[in-house]
Amino acid sequence: MNKRLFLILLPALLSATGCKQQKASETKGTITEVEAHQPLPPQYTAHYDKSVTPGRIDIEKALADSVPVNLSKVASSIEYFMVGDDKYPITDVVATNEGFIALNQPKLYLYRKGMKRKRVGLKTTYGNWINVPGSKISFDTVTTRLYAHLKRINQETGYGEEYIAELPPLDSVLARVYYLYPDSLPNRYFFPPKSSLIRYLSPDKYATQKENKDGIDEGITLFHLNGDTICTFTAGIDPTTQRGQYLFQPPFFDKIYRHGDQITFRLSFCDTIYRIQDEQTYYPAYVTDFGKLRLTAIENIQGKDRKNKAWMTALEENAKALFVRTYKEGKSTQSGWLDANREPDMPSEERQIVYLKSSGQTFALPVKTQGLTNDLDCGLPFWPDGQTSGYLYMIRPAKELKNKIKLTGSSKQKELKAFLDSVDEKQNVMIVVK
C-alpha cells in the first residue's frame, strides 16, 4: 500500500508549496500567478459534543444470520441511464440541478432522464485526473459551478501537483463551442504534493485527513482553498505501532463524505462514524459493533492471525439507511494435511450490511441475493457503488440487465421495459435510487 502523505501541519505544508492561486489576466486573458498567501493557523479549536447518543450498528449479531431486505425500505424511486461502454468507465458521479454529471474518465458527461447525454466542455487526458477513488469532481448547487480535482507534472521537480480547477457555471460550460483545457481555466488552487482524499464541502472549503505520529489516520482537517486552516477534528483510534512494521497488507478503510450539509467521516481502526455539525463542533453519529470479530490495529499491523476476524471495506449512506460492506477472514490449512485433527477449511466471506435508521435494526443480506431485493420494478438486486446528494447509484453492464431481469408485464416495469428495449447491450447502465 503506497504511503499517503497527510496534512499534519497543513498551514506549514501549504506555505512551503506556495499555495498559489492562478487567475486570468483581464487585459490579456493569460494565466498569471498571484503572490503566495501566507496560510493562517487554525481558526477554531474542535469541540466534541458528548451529549449525542450514537446509533448502534450491530454487525457481529447481523453476520450470524441472513435476512433479505426490500429496496423499498431504503428508496422510493428508481431511474436508469445509459452511460457508455468500458472504454471510458465511470469513476465518479455528482448530482446537479439538471441531472447527473459522470466522469467517464477522462470525459465529463451530463446525463438527464429521457435525453441524449451532453458532453461537458472540459477536455483533458486520462493522466491529468487524480488517481484516488471518488471525489474527482464536485458541483455547487448555488453557483452551479463545477470543480475538477486534477494533477499535473512539475517539470522542475518531476512530481505531480494536485489542484482544484474551477469551471464557469454549468449552463455556460454546456453551451461552449470549444472545449476548456485545464491550463486555460482562470481559477486554480494548488495543494501540497501527495495530498489525498481531498473532499469538497463548499466552493472554498475542503477537508483532508490528519495522520498521527505512527502513520495512522487520526482525524480530518477543514481548510479553505487559500490554505487557511479552519479546524482539526481528532478521533479516537486503537493504540498503534508504526505503519512500517506491518507484515501483511493492512485492511485500512477511511471514508469522508457529505450527508446533507454535514461532513461525515470514518477512520481505520475506529468504531465510530462522526459528523461535523459546524466549523468547530463534531459528534458521534453511529458506532459499528464488530464484537469478537473485530480486528484491532495492533493485530493487523503486527501481522497477527486474522482468521475469523472481520472489518469494514465500504460505506455509503442515504436518508433512510447506511450500507456497509464487510470482509471476514476465513480459515485455511496450506500444510499439515496429514494431521487428522486439523481445523476444517473455511472460506473468507464478504457480506452486505444494511442499517435501517427508522428502526435501528441491522441486517446482513443473504450472499446469494447480491443486494437489496428490488421490489420497486423487479429489476436487478441493488447495492450502491457510490452516493451523491442523497442519491445512491450502481453501475452494471446492459447485457447483465437484459439477461437477468424477467419482464412480467407488471405495470411496475413499464419504464424499465421501455429502457431495456432501447438500450445497447454493449453499453453500461447507471441505476439511481432515492
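Listing for the model above:
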{"quantity": "Elements of type strands (runs of 3 or more DSSP E) in region 351-432, at least 1 residues being closer than 14 Å to F81 by Cβ, among the β-branched types (V, I, T) and in contact (Cβ under 8 Å) with a residue 24 or more places away in the chain", "calculated": "386-388, 391-397"}
{"quantity": "Pair list, Cβ < 6 Å and 6+ apart or interchain, from region 76-88 residues that are more than 13 Å from P397 (Cα to Cα) and in contact (Cβ under 8 Å) with a residue 24 or more places away in the chain to residues that are in a loop (DSSP other than H, G, I, E, B) and open to solvent by 70 Å² or more (accessible area, probe 1.4 Å)", "calculated": "S77/K434; E79/K113"}
{"quantity": "Tally of residues being closer than 22 Å to K292 by Cβ and open to solvent by 30 Å² or more (accessible area, probe 1.4 Å) across region 315-326", "calculated": "1"}
{"quantity": "Strands (runs of 3 or more DSSP E) contained in region 140-240 and holding at least 1 residues touching a strand residue (DSSP E or B) at 6+ places or on another chain (Cβ under 6 Å), modelled with pLDDT of 85 or more and more than 24 Å from T124 (Cα to Cα)", "calculated": "217-224, 229-234"}
{"quantity": "Selection count, region 143-189, where residues are surrounded by fewer than 13 Cβ atoms within 10 Å (Cβ to Cβ), more than 18 Å from L110 (Cβ to Cβ) and either among the aliphatic types (A, V, I, L, M) or touching a Gly at 6+ places or on another chain (Cβ under 7 Å) (or both)", "calculated": "1"}
{"quantity": "Residue within region 43-54 that is more than 28 Å from P168 (Cα to Cα) and among the small types (G, A, S) present", "calculated": "yes"}
{"quantity": "Region 106-139, subset part of a loop (DSSP other than H, G, I, E, B) and of a type in the set (V, I, T), residue surrounded by the most Cβ atoms within 10 Å (Cβ to Cβ)", "calculated": "V120"}
{"quantity": "Matching residues, region 344-368, being open to solvent by less than 40 Å² (accessible area, probe 1.4 Å) and modelled with pLDDT under 95", "calculated": "none"}
{"quantity": "Test result for D65, under 30 Å from K399 (Cα atoms) and either open to solvent by 50 Å² or more (accessible area, probe 1.4 Å) or modelled with pLDDT under 95 (or both)", "calculated": "no"}
{"quantity": "Which listed residue, of N308, N318, N300, N341, is out of contact with any Asp or Glu (no Cβ under 8 Å at 6 or more places or on another chain) and at pLDDT 90 or above", "calculated": "N318"}
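The values are calculated or read from the model by the stated rules, or taken from the named source; none is laboratory data. The structure presented is a predicted model; accordingly, all values stated were derived computationally and were not measured. We place every Cβ from the backbone using ideal geometry, glycine too, and count neighbours over all the protein chains shown. When the accessible area is computed, the model is the full protein with side chains, heavy atoms only, and any ligands, DNA or RNA have been set aside. Shrake-Rupley method; radii C 1.70, N 1.55, O 1.52, S 1.80 Å.
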